[in-house]
Amino acid sequence: LGFAAATRSLVEPLEWRGVAVELDLAAADDLSATHRTVAFRVVQEAVANILNHAEPEHVWITARRAGDRVEIAVRDDG
């Protein structure tokens, strides 16, 4: 699916619960295929933790350039 599409699919259960989800994932395209897979697994676990342990109203998932790196962040307000 690609990183962005897979992440969108991953957050659907949050949206079904009424959680507002903001995704800014363009920088993930700069990752190698292996790093995209690893990043997705990390995001997958973070979203699972949110679903199981938080009651957020808002979730933000971002991928942004930081020098020669790409940083992935998952935040919630729950």
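The values are calculated or read from the model by the stated rules, or taken from the named source; none is laboratory data. This is a predicted model, so every value here is computed, not measured. Backbone-built Cβ (ideal geometry, glycine too); neighbour counts: all protein chains shown.
For VAL19, only one of the following conditions fails: (1) under 13 Å from the mean Cα position of the chain (by Cα); (2) surrounded by 18 or more Cβ atoms within 10 Å (Cβ to Cβ). What is its number?
(1)
I'm told GLY2 meets every condition in (1) in contact with an Asp or Glu (Cβ under 7 Å, 6 or more places away or on another chain); (2) modelled with pLDDT under 95 except one. Can you identify the failing condition by its number?
Every listed condition holds for GLY2 apart from (1).
Given the range 17-77, what strands (runs of 3 or more DSSP E) lie entirely inside it while holding 2 or more residues that are farther than 19 Å from GLY2 by Cβ?
58-66, 69-76
Can you tell me which of ALA48, ALA26, ALA73, ALA54 is surrounded by fewer than 18 Cβ atoms within 10 Å (Cβ to Cβ), in contact with a Ser or Thr (Cβ under 7 Å, 6 or more places away or on another chain) and within 18 Å of LEU10 (Cα to Cα)?
The unique qualifying residue is ALA73.
Return the residues of the range 39-69 that are over 21 Å from TRP16 (Cα atoms) and either of a type in the set (S, T, N, Q) or at pLDDT below 95 (or both); say none if nothing qualifies.
Result: ARG65, ALA66, GLY67, ASP68, ARG69.
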